[in-house]
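Data first, discussion second: the structure below is written as C-alpha cells.
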Amino acid sequence: MDVVTSILPSETFGTATLRAKTGTCQDEHHAHVWWVGWVEDGTDRTSFAALLSSDDPSHADALIEQRKPWVRAILHEQGVIP
C-alpha cells in the first residue's frame with residue numbers, strides 16, 4: 001500500500017489527505033468517467049468510488065469537468081473533508 005500511496009495524486013484539506021485516480025472510457029454511444037480513491041485523516045480512512053455516465057459521448061468533457069467538484073462536495077457534505 002505504501003507504493004500506491006506514494007504514486008497516487010493527492011490533495012490536502014486541513015488534516016485530511018485525499019488520494020485518488022481518475023479514468024475515462026468512451027465509444028460512439030456512451031461516455032463514462034470515474035474517480036476512485038480514499039481520504040485519510042489521522043487513523044480514519046474513507047474510501048469512495050464515483051462513476052458519471054452519459055448516453056451521449058459529446059458530454060464526456062462536461063463529465064470530466066464535473067467529477068472532482070461533485071465528489072468533493074459530497075465528501076464535504078458527509079464531513080469527510082472540511
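Structure notes:
- Pairwise label distance in nanometres, residue 76 with residue 38, each label 7 Å out on the Cα-Cβ vector: 2.5 nm
- Summarising the amide proton neighbourhood of residue 8: residues at separation of 5 or more, or on other chains, whose placed amide H is nearer than 5 Å comprise an empty set.
- Computed from phi, the 3J(HN,Hα) profile of segment 4-17 under the Karplus parametrisation 6.51, -1.76, 1.60 (θ = phi - 60°) reads 4, 4, 6, 9, 6, x, 9, 9, 10, 10, x, 8, 9, 10 Hz, with x in place of Gly and Pro.
- Counted residue by residue at 0.36 nm each, then reduced by the alpha carbon distance between them, the extension gain from residue 30 to residue 66 reaches 11.3 nm.
- Answer label for Cα extents along the principal axes in Å (calculated), chosen among [x] 60, 29, 15; [y] 50, 21, 17; [z] 44, 29, 15: [z]
Where a number appears in this text, it was derived from the coordinates with a stated rule and is not lab data. Owing to the predicted nature of the structure, the values given are computational and were not obtained by experimental measurement. Because the Cβ atoms are built from the backbone with ideal geometry, glycine has one as well, and the counts that use them run over all protein chains shown.
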